[in-house]
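Just below is one structure, and these are the notes that go with it.
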Amino acid sequence: MRGTGYVCSSCGTHATRWQGRCGGCAEWNTLEAAPTTARARPVPDAPTQRLDGVDPEGATRRPTGVAELDRVLGGGLVRGSTTLLFGEPGVGKSTLALTALLSVAARGESVVLVAAEESAGQVAGRARRLGPVPEGVEVAPTTSVPAAAALIARRAPSLCVVDSVSAMSDDGLPSAPGSVPQVRQAAERLCAAARAAGTALVLVGHVTKDGDLAGPRALEHLVDTVVRVEGDRHGPLRVVRALKHRFGATGEVGLFEMGEAGLVEVADVAALAGPRLSVPGVVRTITNDGSRAFPVDVQVLVARSAGAPRRVAYQVSAARLSLLLAVLEARCGIDLGPHDVFAAAAGGLPASEPAVDLALALAVASAAAGTALDPDLVALGEVGLAGELRAVGGLERRVREARRRGARVILAPDGAGADADPGVVRPCRSLAQALAAAGLA
């Protein structure tokens, strides 16, 4: 008996009749006829196991040897798991995957690279730029999904990297390579083959023009871990973070620098902020990402506008900059209406969380007054519309990091550890009080 209705190839939504646009994911031309169904058969009972008797050994992590990547993965890759690694073109996702592959091979474990976008010679040249190539690294330049799945089943390597899943195709499907059905089919077959062989599989993916993961949304549900590589392709810093992780938390981040020899792990995060500057409009703050605290310099330039005033924000929140300008005018009497305001976070790390508000506001006031603040001053806290200072998450950890970095004055909301550091931590209830403590009012 033939099934009735249609199914969306992108999100799996069912529809009783064909329509051009899916009602579930709003994609166009993704509804396909529901597959035929065979005669009803007896449904067997699913076997069960007592959870306290299940051996968790199968979820043991195996380090890749790349410390910052292992930090994001919670210790390493799990046998039989699938990790989706994606990012914008040129950000270094293929380099990171190849670095991990070579590191695992250096321990004597079997590895395979399925090169769907490069020839074996191109891969070899890129690998040699990263350093000595260990023995036993196998490369298979193919775009065939069945061939790659058969290779994984036959070799059962410790680690297999497919670069990229968007370039893989199955001749059994009529759609073009890179289409939603092809990407989904490739992920399903490769995931199943890796799970059966006990191979840790890494799929390299692309992003759309909007910065989202290319391919069907079901792709994220098929894999165990989704890791994104972020960064300005014209700058050296790369941030690696897990957006989904079935085997651990997703709050951790890894830091790399892109150099001539590939991705280099960032050992000292303090070097990212650069030297402390005694310049108007520069204030240091501490951001939190995962379990790590990063010193970041917020820089602001205020200049008289030749026309309509401009508000330009880079690596800081443009919305919060506009909010703070309004609070400075309404609550503190600092009018910046006829001026251009340019704000940025130095060092390449984003500083868009609410905890940066106080530093950003002080930097604006400092730039407007032409007065440089103490370079050993650190500002922490969120600013409300009433001009009050609000506590932020991880405040104690931020204060400890600021003290460790040599801060002599820490402006923060109440309850930030002033008792533990008298004379260093100066609690402030409002933005006006913080401006006075910094010598700007």
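The values are calculated or read from the model by the stated rules, or taken from the named source; none is laboratory data. A quick note: this is a predicted structure, and the numbers were derived from the prediction, not measured. No Cβ is skipped: glycine too gets one built from the backbone with ideal geometry, and neighbour counts run over all protein chains shown.
Let's see how each residue does on (1) buried (at least 22 other Cβ atoms within 10 Å of the Cβ); (2) under 21 Å from the mean Cα position of the chain (by Cα); (3) under 20 Å from LEU435 (Cα atoms):
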position	(1), (2), (3)
GLU265	no, yes, no
PRO275	no, no, no
ARG311	no, no, no
ASP340	no, no, no
SER352	no, yes, no
ASP357	yes, no, yes
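So, in region 277-290, exactly how many residues are polar (S, T, N, Q), assigned to a loop (DSSP other than H, G, I, E, B) and within 20 Å of the chain's Cα centre (by Cα)? Let's see the steps before the verdict.
Within region 277-290, the first condition is being polar (S, T, N, Q), and the residues that meet it are 278, 285, 287-288.
If we keep only those that are assigned to a loop (DSSP other than H, G, I, E, B) as well, we get 278.
Okay, now just the ones that are also within 20 Å of the chain's Cα centre (by Cα), so none.
Of the residues in region 277-290, 0 are polar (S, T, N, Q), assigned to a loop (DSSP other than H, G, I, E, B) and within 20 Å of the chain's Cα centre (by Cα).
Being touching a residue at least 24 places away in the same chain (Cβ under 8 Å) and closer than 18 Å to ALA407 by Cα narrows it down to one residue among PRO275, PRO295; which is it? Show your work before the answer.
Numbers: PRO275 fails: touching a residue at least 24 places away in the same chain (Cβ under 8 Å).
Matching residue, one of PRO275, PRO295: PRO295.
When you go through ARG400, ARG408 one by one, which is the residue that is under 16 Å from PHE294 (Cα atoms) and either acidic (Asp, Glu) or assigned by TED's automatic domain parsing to the domain that holds SER278 (or both)? Break it down into steps so the answer makes sense when it comes.
Details: ARG408 fails: under 16 Å from PHE294 (Cα atoms).
Only one candidate qualifies: ARG400.
If you scan region 318-371, which residues turn out to be β-branched (Val, Ile, Thr) and within 17 Å of SER305 (Cα to Cα)? First the steps, then the outcome.
Initial filter on region 318-371 (β-branched (Val, Ile, Thr)): 327, 334, 341, 356, 364, 371.
Those that are β-branched (Val, Ile, Thr) and within 17 Å of SER305 (Cα to Cα): ILE334, VAL341, VAL364.
Output the number of residues of region 357-405 satisfying the condition of being in a loop (DSSP other than H, G, I, E, B) and among the polar types (S, T, N, Q). Quick ask: steps written out before the conclusion?
From region 357-405, those in a loop (DSSP other than H, G, I, E, B) are 370-376, 380-381, 384-387, 391-394, 405; that's our starting set.
With the extra rule that they be among the polar types (S, T, N, Q), the set shrinks to 371.
So the answer is 1.
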